[in-house]
Amino acid sequence: MEWFIGIVFFIYGLIFGSFYNVVGLRVPINTFLSQRNSYCYTCKRKLSWSELIPVVSYIIQKGKCKGCGSPISIIYPVIELATGLLFTVTYLFFGLSFQTIFGLLLVSMIVIVTVSDIAYQKIPNKILLFFLPIFLILKFFLLDTDWVSSILGAACAFLLVGIIIYVTKGGMGIGDLKYFTLFGLLFGWQLFLLLFLLSTLYGAVINGILLSLGKVTRKTKVPFGPYIGASAITVLYLGRSIIEWYLSLL
Ligand SMILES: [Zn+2]
């Protein structure tokens, strides 16, 4: 039964992931409400239903537009697949609980922000502000929360990242500052510090790999949002265990 529900979560994740691609690409340029249909960005042709099946359409069409043959970014099916997997993992970790609802919403926001940050190097305020009140309600009324730790987490994030922005003159952006601060508030100060460490670690490792493969140069501005998101997801699932393990070593 658990696996059956897991698969249902996966399928919903694929469908939502496909929607999040659209949200992430349209909200920053204010076309989310004005455009109804999906279309090819090259030939402007409206896409039919058979071209909109998550992951499957991409594979059948071999990653090309049916009309003009121009390549479709691999980002789309990757985002769909990732959302499907993350929905399933969230369920497998937390079962049918409020924690799962919180996890699904967190994954959703992170996926949308990742799409925007990769496409436009932007973490849209609108997305963060849409999710913030929902998180606060869930966090403070339904899940037990340490208020003091949350406020310390947000303050810690704001100061730490603020100082980094000031010292590095733009190594991180204001979007990253807001994003980190939101996670500080949601996770509390201990988990925030872990999240911060993980994001710099992920950033260093992945950028190192991209540099050595020649995919980026030292001058390329690589968006930091995806690393913050990946760290937040790690903390969501494993944060408490990592901290307990660390404390057991002391
Ligand atoms: Zn086309």
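Working only within the stretch 140-194, note down all residues that are on the phi > 0 side of the Ramachandran plot and among the basic types (Lys, Arg).
Lys169
Would you please name the residue that is nearest to Pro223 (Cα to Cα), looking only at residues in the stretch 137-175 that are outside any helix (DSSP H, G or I) and out of contact with any helix residue (DSSP H, G or I) (no Cβ under 8 Å at 6 or more places or on another chain)?
Per the stated criteria, the residue is Gly170.
Considering only residues that are in contact with a Gly (Cβ under 7 Å, 6 or more places away or on another chain) and loosely packed, with under 13 Cβ neighbours inside 10 Å, which ones fall in the stretch 115-146?
Asp146
Go over the candidates Ser149, Ser108 one by one and state the one that is surrounded by 20 or more Cβ atoms within 10 Å (Cβ to Cβ) and small (Gly, Ala, Ser).
Among Ser149, Ser108, only Ser108 is surrounded by 20 or more Cβ atoms within 10 Å (Cβ to Cβ) and small (Gly, Ala, Ser).
Could you please find all residues in the stretch 52-73 being under 13 Å from Asn21 (Cβ atoms) and either touching a residue at least 12 places away in the same chain (Cβ under 8 Å) or among the aromatic types (Phe, Trp, Tyr) (or both)?
Leu52, Pro54, Val55, Tyr58, Ile72
Answer yes or no: is there a residue in the stretch 27-37 that is more than 28 Å from Leu132 (Cβ to Cβ), of a type outside the set (Phe, Trp, Tyr) and in contact with a strand residue (DSSP E or B) (Cβ under 7 Å, 6 or more places away or on another chain).
There is at least one residue in the stretch 27-37 that is more than 28 Å from Leu132 (Cβ to Cβ), of a type outside the set (Phe, Trp, Tyr) and in contact with a strand residue (DSSP E or B) (Cβ under 7 Å, 6 or more places away or on another chain).
Only one of Thr181, Thr200 is outside the structural domain of Ser108 (by TED's automatic domain parsing), closer than 18 Å to Gly153 by Cα and surrounded by fewer than 16 Cβ atoms within 10 Å (Cβ to Cβ). Can you tell me which?
Thr200
On the given criteria, is Ile233 among the hydrophobic types (A, V, I, L, M, F, W, C), more than 21 Å from Gln99 (Cβ to Cβ) and not assigned by TED's automatic domain parsing to the domain that holds Ser108?
Criteria not met by Ile233.
The values are calculated or read from the model by the stated rules, or taken from the named source; none is laboratory data. Computed from a prediction, not measured in an experiment: that's the story for all the values here. Cβ coordinates were reconstructed from backbone atoms using ideal geometry, including for glycine residues, and neighbour counts include every protein chain displayed.
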